[in-house]
Structures are given as structure tokens and as C-alpha cells.
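The values are calculated or read from the model by the stated rules, or taken from the named source; none is laboratory data. Just so it is clear, the model here is predicted, and its values are computed rather than measured. Cβ sites come from the backbone with ideal geometry, for glycine too, and all protein chains shown count toward neighbours. These area figures cover heavy atoms from the full protein model, side chains too; ligands, DNA and RNA do not enter into them. Shrake-Rupley method; radii C 1.70, N 1.55, O 1.52, S 1.80 Å.
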Amino acid sequence: MAPAHVVNGTRPKVAMLTSGGLAPCLSSAVGFLIEKYTAADPTIELICYVSGYKGLLLGEKVVVTDAIRQQATALQLHGGSPIGNSRVKLTNCDDCAKRGLVKPGEVPLEVAARQLQTDGVTILHTIGGDDTNTQAAQVAKYLAEHDYQITVVGLPKTIDNDVVPIKQSLGAWTAAEEGAKFFYNVVNEQSANPRMLIIHECMGRDCGYLTAATAKAYNDLISGAPFVPGLGLHKEKKMIHGLYVPELPIDIEAEAARLKGVMDALDCVNIFLSEGAGVKDIVAAMEARGEECPRDAFGHVKLDKVNPGAYFAKQFAEKLGAEKVLVQKSGYMARAAAANAKDRDLIEKCCALAVKCGLNAQPGCVGEDEEQGDVLRAIEFPRIKGHKAFNVDQPWFQDLIAKVHAFK
């Protein structure tokens, strides 16, 4: 049996939670954390808060039993989060009270801190995006100011790969691969109707990474596929003809003129669209009409309500002379998948370091630090930020754009 650990004179007690939207890393990360802690010291108590910060505020938790430890490897085969997620902003007191997570007048940050103290937690692992991890750091700061020490070690989850300064967020590779598989089937709808316009809407609020990576993965899928041009099965009909991300401006009129030529020649047009592309224009139009733009507890525009795919479909359909328009979203399939082998390798490395950092009382968000030579380390929480823009100047993306515009 591994030796018992003592941190700052106290036997460690570990808690973990998953928060925010889903990504193909949550189940895997929970599994690896359980396995790594059990290997380090099977006597360390582990608990999981149910449904993220909601469970922390309400004191809802699951104790990791010996049976769960023995079964933890099975979590690598599943998507989603075994312990559940929620979107809760601890600094939004009104929203937390409205949802019954705290009593009116209570401060959620203080409620969360007291619960951790009540549960005797000394190490907290938060698996989520920038909001999840920076909120955890605020809780730790509050506890430190009240003479209770807790080490918060985060893991960066987001399919958008938009966390500063992290090179690769967990689950993003898998999401791109799954989105490509999704469109590999959907693209066949081009044969269902003459002059078909297909818009593949990918998740990505402010960052075009997922759309670009999905497009590249899709191109890789069809590049080696055999075709039968003599019978009408042309590779060109399955190619991507338009690719739009938030980081690049979209000239609707110029693109419509270009794509009209594609439609006339191929009888179809296939577009990959980041759901964040053009959102500012959509919101501006809504507000100009006097409509209220729906937002979540974090102040983010609810993209499913403003519906970018439908907006672009309306913009292009008439100009292209499309007889039928199909808007398909791969996001829920992509984000709910189990982590692929490439992601699992990165997740395991991050979890192994996260456990070491927890036991050594070293806080931070574990990831490859782009500002320090891509070294895998616990990155200081004040440096963690969201909304990292996708670098459209990368050679692989420029090559992708060239292929998209190759057929005119």
C-alpha cells in the first residue's frame, strides 16, 4: 500500500466537480483523477460534487467508494460527465437566489466556501473552462482570508480551445473529429434535392478553432475516399465551399456571388459555419428592432436563441437560388462524445500532474503554457482567461482556406 500523505500537517481530502458545457474529456478526467489518487494513496478520501457548482452550493455530493475506484477505468469509454454539470456563476447573487441555490441575501461565494470547509476539503479539482477555474480560485482566496487553506487545481475543458494561455484544451481534438464524422454523413443530403444548400453549424462562441479543426478533419476524411465521377459521384460535391469563423470578416455579397457559381456548376453548396460568426450583426439587428437579446447568467448571448445558422441560410438561400436549405448542428454530438485516444493521452498527463500539484499544495490550472514554451504546468489562475482568438494565420488554416476557395 502506498504511504499515507500529509499536506500542511493535515490528511488530504479531495473533492472534484465538472462545470459548464459538456466536452469529450469530463468522464475521462474524473476517471483518471480517481485512478491517480488511488495509486498515490488509496486511503485519501475522494468526493464528487453533483452537478458542478450547484452541488457545491447545495452540499450534494457522492463519496468515491472502493467499488467506484475499481470501476473507474470504465469512465474512459463514456462521454458526458458521470457527476453532472451546471452553469452557475458564483458572483451572480440574484441568479443563484432565483434558482434556489442560495437563500435571498446570501453570497454564493461564501456559501461555496463554507461548504468546502464543512466537508473538510483540502484539495479541489475543477474541470471546466475559464469561468469554472477562475471562480474556484476566488473561493480559495476567500477561504485563505478566513484562515482555511485549500489547494485548487483546475483542468481546462472547452471544445472551443480558447483558454489563455493554454495551447490545447481537453476534449477539443475529439470534438473536431466527431464533427467531421457527423458531416461525412450529412453531406450526402446534397443528393436529396437539386440546388441544395447545406450549412454545417459548429459550436464556437467567439473562437473559430472548432469550426476550422472540424473542417480540416473532414477534409482529411474525404481526401482518401474513392469516387465515381462518371456516375455523378464527384469529390467536388462533397467538398467544403464556404468556411466562416468569427475572426474573419464576411462579405455576404462577394461570397454569395462566388458561391452562386459553385451552385450553378455543382448543383449544391456546402458551408461550415462557426456559430459565433456574424453574431454581432445579428444582435445589432435584433436590438435595432427593439428586441431583447437573450443572455445567460454569465452575460453570454444565448446562441441557440439567436440562431446564426438560420440567419446565414436566409442571407444566402435567395442569392444562390437554392431550392432547399438544410442547417445541421454537430455541436451536441461532438461535445457529448467519449474522448479519443489523442485526447485521453493529454488528459492522463494533465491529471497525473494535477494530482501531484494537489498533494504538493501547488494551485493553478494544469495545461501546456504557451507563454512558457508549451511546458505542461500548473498555470497561475490570474493568467487564465477566456475568449482566446483562433490564429487564422497558421499555415494549416491558410492551406484549408485555399482548398475551400479552389473551386469557383
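Exactly one residue among 277, 265, 257, 192 is at negative phi and either at pLDDT below 95 or not aliphatic (A, V, I, L, M) (or both), and that residue is 277.
Among the residues of region 222-241, none qualifies, meaning not one is aromatic (Phe, Trp, Tyr) and within 27 Å of the chain's Cα centre (by Cα).
Quick check on region 308-325. Is at least one of its residues surrounded by 20 or more Cβ atoms within 10 Å (Cβ to Cβ) and among the basic types (Lys, Arg)? Looking through region 308-325, none of the residues is surrounded by 20 or more Cβ atoms within 10 Å (Cβ to Cβ) and among the basic types (Lys, Arg). Could you tell me which residue of region 151-184 is farthest from the chain's Cα centre (by Cα), considering only residues that are over 30 Å from residue 222 (Cα atoms) and surrounded by fewer than 24 Cβ atoms within 10 Å (Cβ to Cβ)? Here the answer is 151.
Here is a yes/no grid of residues against (1) in contact with a Phe, Trp or Tyr (Cβ under 8 Å, 6 or more places away or on another chain); (2) outside any strand (DSSP E or B); (3) within 26 Å of residue 213 (Cβ to Cβ):
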{"position": "230", "(1), (2), (3)": "no, yes, no"}
{"position": "250", "(1), (2), (3)": "yes, yes, yes"}
{"position": "253", "(1), (2), (3)": "no, yes, no"}
{"position": "258", "(1), (2), (3)": "no, yes, yes"}
{"position": "261", "(1), (2), (3)": "no, yes, no"}
{"position": "271", "(1), (2), (3)": "yes, no, yes"}
{"position": "276", "(1), (2), (3)": "no, yes, yes"}
{"position": "280", "(1), (2), (3)": "no, yes, yes"}
{"position": "283", "(1), (2), (3)": "no, yes, yes"}
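One line per residue, one yes/no per condition, for (1) more than 19 Å from residue 130 (Cβ to Cβ); (2) surrounded by 15 or more Cβ atoms within 10 Å (Cβ to Cβ); (3) in contact with a Cys (Cβ under 7 Å, 6 or more places away or on another chain):
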| position | (1), (2), (3) |
| --- | --- |
| 337 | yes, yes, no |
| 363 | no, yes, no |
| 368 | no, yes, no |
| 373 | yes, no, no |
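With respect to being within 26 Å of the chain's Cα centre (by Cα) and open to solvent by 50 Å² or more (accessible area, probe 1.4 Å), residue 264 falls outside the description.
Filtering region 394-408 to residues that are surrounded by 13 or more Cβ atoms within 10 Å (Cβ to Cβ) and assigned to a helix (DSSP H, G or I) leaves 397, 400, 401, 403, 404. Just checking, does region 215-225 include any residue being in a loop (DSSP other than H, G, I, E, B) and touching a residue at least 60 places away in the same chain (Cβ under 8 Å)? No; the residues of region 215-225 include none that is in a loop (DSSP other than H, G, I, E, B) and touching a residue at least 60 places away in the same chain (Cβ under 8 Å). Residues in region 196-221 that are more than 13 Å from the chain's Cα centre (by Cα), open to solvent by 50 Å² or more (accessible area, probe 1.4 Å) and either charged (D, E, K, R) or over 26 Å from residue 21 (Cβ atoms) (or both): 216, 220. Restricted to region 10-62, and to residues there that are in contact with a Phe, Trp or Tyr (Cβ under 7 Å, 6 or more places away or on another chain) and open to solvent by less than 30 Å² (accessible area, probe 1.4 Å), the residue that is nearest to residue 110 (Cα to Cα) is 56. Considering region 65-92, and only residues there that are among the hydrophobic types (A, V, I, L, M, F, W, C) and either open to solvent by less than 30 Å² (accessible area, probe 1.4 Å) or at pLDDT below 95 (or both), the residue that is nearest to residue 145 (Cα to Cα) turns out to be 90.
Here residue 14 qualifies as of a type in the set (Val, Ile, Thr), within 20 Å of residue 347 (Cα to Cα), touching a residue at least 60 places away in the same chain (Cβ under 8 Å) and not in a helix (DSSP H, G or I). Checked against the criterion of being among the polar types (S, T, N, Q), open to solvent by 70 Å² or more (accessible area, probe 1.4 Å), over 20 Å from the mean Cα position of the chain (by Cα) and under 19 Å from residue 161 (Cα atoms), region 379-393 contains not a single residue that satisfies it.
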